[in-house]
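The values are calculated or read from the model by the stated rules, or taken from the named source; none is laboratory data. Just so it is clear, the model here is predicted, and its values are computed rather than measured. Virtual Cβ from ideal backbone geometry, glycine too; neighbours counted across all protein chains shown.
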Amino acid sequence: MHIRDSNLFSRATFFLTLLPYLEWTTTGNMSVVREYHTASVLANGSVLVTGGGSSAALNTTELYNPSTGIWTMAGSMNTARRLHTASTLANGLILVAGGWGSSAYYITSAELYNPSTGTWTMTGNTNISRCCHTASILANGPVLITGGASSSGVYLNSAQFYNPSAGTWTITGRMNAARQFHTASILASGLVLITGGYNGSYLNTAELYNPSTGTWTIAGRMNTARQYHTASILANGLVLITGGYNGSSNYLNSAELYNPSTGTWTLTGNMSIARYSHTASIIANGSVLVTGGLSSSGVYQNSAELYNPSTGTWTTTANMTIARELHTASVLANGFVLVTGGVNSGVYQNSAEIYESI
């Protein structure tokens, strides 16, 4: 006699509810195609996208409303720019600095976006023009800018910081190595970790900036030289470096960890796919979501994968709807990740999509 398990369905349903819900869904398109743009999550939950472009730099900006999935044009910046930085200040204003302009020039100007009024105002110029740099908000409020390039083939080791109260820039200590397309991470100690980049050679060097003294110290060497990589600060304080590129079609799937307590670098699990010009976002459960990028043989990726800090391993997750590199990824207030723009096989994108993980 067949005995039916009346609890089978309820047990299966309970089991399924324990699994994460992982999916990409398309959302509203931006008004303009963009790569090398920035995306900043505002205090009200909206996302401000600035500049970028395709063949020419843009001064346009737009706002994404997560509640409606709709983009609206925001005020235009005073200067068209790409390869710039955008930093959210303690007062809620967005500082945009440097970049590469529409007439192939490197930019010294900086400007501020006021979310309350939707307007842009100029602020003090940086001390030297630069693009392809990093910007980090220090614990006491200043914004530290490091490295980049100031003209074709001129790589910078200079650094400077912006004082939001005065609207001025001050030069600080120089890095030990000039570099562009590097990363900058603010550690729990307040020190700033700089990794990799390019200055005519691909770099595996790392260094630390001390805001109290304005000086730099060497922080060991990564196992692999890389540029166009990502750096993510994990909940355990370690810094995860992923992917990148170091010449002659050498696309990287390797990942490594920096331990601030010991100052040492150790390899961790490899990604399933080599990639650079990708993004990395820390999601609610502490995992790191890596999306897109360019891989070997010039293949644009729609793939995504998750790093588990507890096991040091990667697992693939749902693919994006569109392959893209040079895009942005922003973690929204609800924990979802918004990806915008980029380029796919020479076609610049205005599309946006959302990774839902519950």
Only one of (1) under 23 Å from SER303 (Cβ atoms); (2) outside any strand (DSSP E or B) is not met by SER232, so which one is it?
(2)
Considering only region 186-231, state which residues are surrounded by 21 or more Cβ atoms within 10 Å (Cβ to Cβ) and within 18 Å of ALA280 (Cα to Cα).
LEU193, ILE194, THR195, GLY196, GLY197, ARG226, GLN227, TYR228, HIS229, THR230
So, ALA274, is that one in contact with a Ser or Thr (Cβ under 9 Å, 6 or more places away or on another chain), aliphatic (A, V, I, L, M), under 21 Å from HIS182 (Cβ atoms) and assigned to a strand (DSSP E or B) or not?
no
Those residues of region 12-52 which are hydrophobic (A, V, I, L, M, F, W, C), over 18 Å from the mean Cα position of the chain (by Cα) and either modelled with pLDDT under 95 or in a strand (DSSP E or B) (or both), in sequence order:
ALA12, PHE14, PHE15, LEU16, LEU18, LEU19, LEU22, TRP24
Residues being among the aliphatic types (A, V, I, L, M), within 21 Å of GLY153 (Cβ to Cβ) and crowded, with 20+ Cβ neighbours inside 10 Å - total across region 67-119:
2
Tally up the residues in region 143-153 that are at pLDDT 95 or above and either in a strand (DSSP E or B) or surrounded by fewer than 21 Cβ atoms within 10 Å (Cβ to Cβ) (or both), please.
6
Within region 47-62, can you find the residues that are within 23 Å of SER136 (Cβ to Cβ) and surrounded by fewer than 24 Cβ atoms within 10 Å (Cβ to Cβ)?
VAL47, LEU48
When region 53-87 is checked residue by residue, the ones that are in contact with a Phe, Trp or Tyr (Cβ under 9 Å, 6 or more places away or on another chain), assigned to a loop (DSSP other than H, G, I, E, B) and over 24 Å from ALA43 (Cβ atoms) are SER54, SER55, LEU83
